Each structure stands twice: as structure tokens, then as C-alpha cells.
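Worksheet: one structure, shown below.
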Amino acid sequence: MQNGGQLLILPTSFFGFGSEFVPYADQVTIFCREQQSYEELLRQGMPEDRIFVCSDMAFYTKEKHFSDLEIAGEYPVLQIFRLDEEGGRKTPPRTSVDLPLLFNDVQWTSIEQCVKPLRAVAGLISQFECVETDRLHMAVLAALLGRTVRLEPSSYFKIKAIFEYTLHRFPTVSFEERGSDYTLAEQGSRAEARLLRDTVKRLNLDRQAEWEQRASVLRQNDALLLRLEKLQKKLSETSAEKDLEIKKWEDLVDRERKRRRDLTDHVTHLERDEACKRREFDEVRQELDRIKSSRLHRLNERYYSIFRLPVFGFVLRIVRKIIVK
């Protein structure tokens, strides 16, 4: 409750207990199974919109679970009086059998576990015409089976209050007020024993809740570790993919650098070839200029200028032919 949890209490009776819920009233929904518990919770400070009155859950037992039993009623009276501290009799009759003790502390976790003892007890009750008891649920079951039921009070108000709220509607059920066989001191001792037993049960439940909480924390830790392993694996895969991409990028950069170096070397080679050819061209041009500026070249030009004249050229061509022959 301190951690903000919600609590739903199915129909029950409250005797010396209930004020513990008041600080957490907004988190609690309580169903009482009779009017006296409801009024007691109101006196203790529970808000009216958080508590309700409802029939005991035993009244919702399905008839189909024991409808096939033979309702004989061959025997007159079956006495079922409590032997624990809630019992109203100090010494129950010798013929009394406290049937619920046969199935006490059974974990009612499934329909199958509930039906078997229910059918066993119903089969026994159906053999009697009348049931005398201070056990609430034995009275409810006997009433549902159509038996005559004589109710006696237990050690506190529960039986009478539930009779006044629901059981009085069954025509076969009656309630007989009966004084307690216990002295005041004995009643106090029984109340202390009941309180001690309830305290032990509560401590056991708290311990069980603590173990369940520890188990839940361990499961959460396991889930977190599994998630961490998955994240680490995913991170490793991502890192491997990243390293592969980086390597591809580095290889691409290296190839680009090599291509640029090769291109630069090729351009440098072409520039060197061009420079060499320019030097050769300059040398040829310089040589041609020297030739053009030489005396022989000038004489040759004069010779050919005369050679191109009509008359002198004709004479010179004849002379050259004679010399060549």
C-alpha cells in the first residue's frame, strides 16, 4: 500500500481490524458480508464510497457441482461445531464433527481443488435431515441443499450478523441465541490466541510476499542482463559493420588517391614531353634562324631569285644540266 498498490477485499467480516486501511482509503475497495462490519468500518473512518455490503461468496456456489448427489436425509441430525478459538461452545457434543478441519490450510487455487472437498461434504450433509452448527459455510451449504439448519453463535458477532443479512431468507434456517460457555478470562485468552494466530499468518504472508518480491526483482535483473547481452551483441555487430564501412571508405580513398597520383604522374610526364619538344622546336628554329642569317643562305636566295628570271633562269638551267652530266 505504501508503494501505491490497490487492494480489493471480497466479502468478509471485520472484528477488531480495519482501521489500518483508513490511511490508504483511496487505494482500498472493501466488501463486507453483513451490516455490522460495514458500520464498524464507517466508525473507524473509512469513507462510504470505498466500502460495500455483499452476500458471502459461499452463496455463489453452483448447484451443478452437487446436483447429482442423492438427497436422502435418512439420518436426523448432523452436528458441526467449531473446535478452534472461534467456536461458541467450550466443549462441543461428543457426536459433533468439525468437517472443515479435514480440509484446513488447503490452497484453493482452482475449481478442481474446490469441487472435490465440496462434493464430499455436500454428500455427507445430504444424508441428514437437520444440521446444527456454528460454522457459517456449513450452514450455507446445508441451506443450499435444502436441509433444516439450526445456527448457533460463534465467539463473536459474525454468525448472527450474516443470519440477519442473508440466511434469514431461507425458511429452513433458524438462529438460536446461546450464551458462551467460557469465562471472561477464557474469552480473553482465546482472543489473544486468535490474535496471535492471525499475527503469525500475517507474518507468513509478509514473508511470502517478500520472497515473491525478491523473486520478481531477480527475474527483472535476469531480464535486464539478457537485454544488456542483446544490446552488447547488437553494439558489437554495429561496430563490426561500422569498421567494415570505414575500411571500405578507406579503400575507396586509397584508390582515389592512387588514381590522382597516377593522373598527376601522367600529366607531369606529358608536361615533360611537351617541354622537351618545345626545347627541340626552339633549337630547330634557332638553327633555322642561323641558317637564314648565314651568307650561303643569302647567296642561295639570290641564286634562286636569278634562277626564276625568264632569260637568266633558262640559261642557268641549261648550264646546270651540262654540269650535272
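One table, with the values for the structure above:
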{"item": "Cβ-Cβ under 6 Å pairs, at least 6 apart or on other chains, the stretch 297-311 side closer than 21 Å to E287 by Cα, far side not small (G, A, S)", "result": "H297/I291"}
{"item": "Single unsatisfied condition, E85 versus (1) open to solvent by less than 70 Å² (accessible area, probe 1.4 Å); (2) more than 19 Å from P153 (Cβ to Cβ); (3) over 34 Å from the mean Cα position of the chain (by Cα)", "result": "(2)"}
{"item": "Residue match in the stretch 246-260 (condition: over 60 Å from the mean Cα position of the chain (by Cα) and either farther than 24 Å from R320 by Cα or open to solvent by 90 Å² or more (accessible area, probe 1.4 Å) (or both))", "result": "no"}
{"item": "Filter result for the condition that a residue is acidic (D, E) and under 28 Å from E210 (Cα atoms), over D26, D68", "result": "D26"}
{"item": "Scope the stretch 36-55; condition open to solvent by 10 Å² or more (accessible area, probe 1.4 Å) and not in a helix (DSSP H, G or I); matching residues", "result": "G45, P47, F52, V53, C54, S55"}
{"item": "Per-region count, the stretch 62-82, residues surrounded by 12 or more Cβ atoms within 10 Å (Cβ to Cβ) and not basic (K, R)", "result": "10"}
{"item": "Filtered residue count, the stretch 65-113, keeping only those that are part of a helix (DSSP H, G or I) and hydrophobic (A, V, I, L, M, F, W, C)", "result": "5"}
{"item": "Residues of the stretch 14-35 classified as buried (at least 20 other Cβ atoms within 10 Å of the Cβ) and assigned to a loop (DSSP other than H, G, I, E, B), total", "result": "4"}
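For (1) at positive phi; (2) polar (S, T, N, Q); (3) touching a His at 6+ places or on another chain (Cβ under 6 Å); (4) at pLDDT below 95, each residue gets a yes or a no:
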site: Q107; (1), (2), (3), (4): no, yes, no, yes
site: V115; (1), (2), (3), (4): no, no, yes, yes
site: R147; (1), (2), (3), (4): no, no, no, yes
site: L151; (1), (2), (3), (4): no, no, no, no
site: F170; (1), (2), (3), (4): no, no, no, no
site: E176; (1), (2), (3), (4): no, no, no, yes
site: G179; (1), (2), (3), (4): no, no, no, yes
site: A185; (1), (2), (3), (4): no, no, no, yes
site: R190; (1), (2), (3), (4): no, no, no, yes
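The values are calculated or read from the model by the stated rules, or taken from the named source; none is laboratory data. As the structure is a computational prediction, the values presented were derived from the model and not from experiment. Every residue, glycine as well, gets a Cβ built from its backbone with ideal geometry; the counts of neighbours run over all protein chains shown. These area figures cover heavy atoms from the full protein model, side chains too; ligands, DNA and RNA do not enter into them. Shrake-Rupley method; radii C 1.70, N 1.55, O 1.52, S 1.80 Å.
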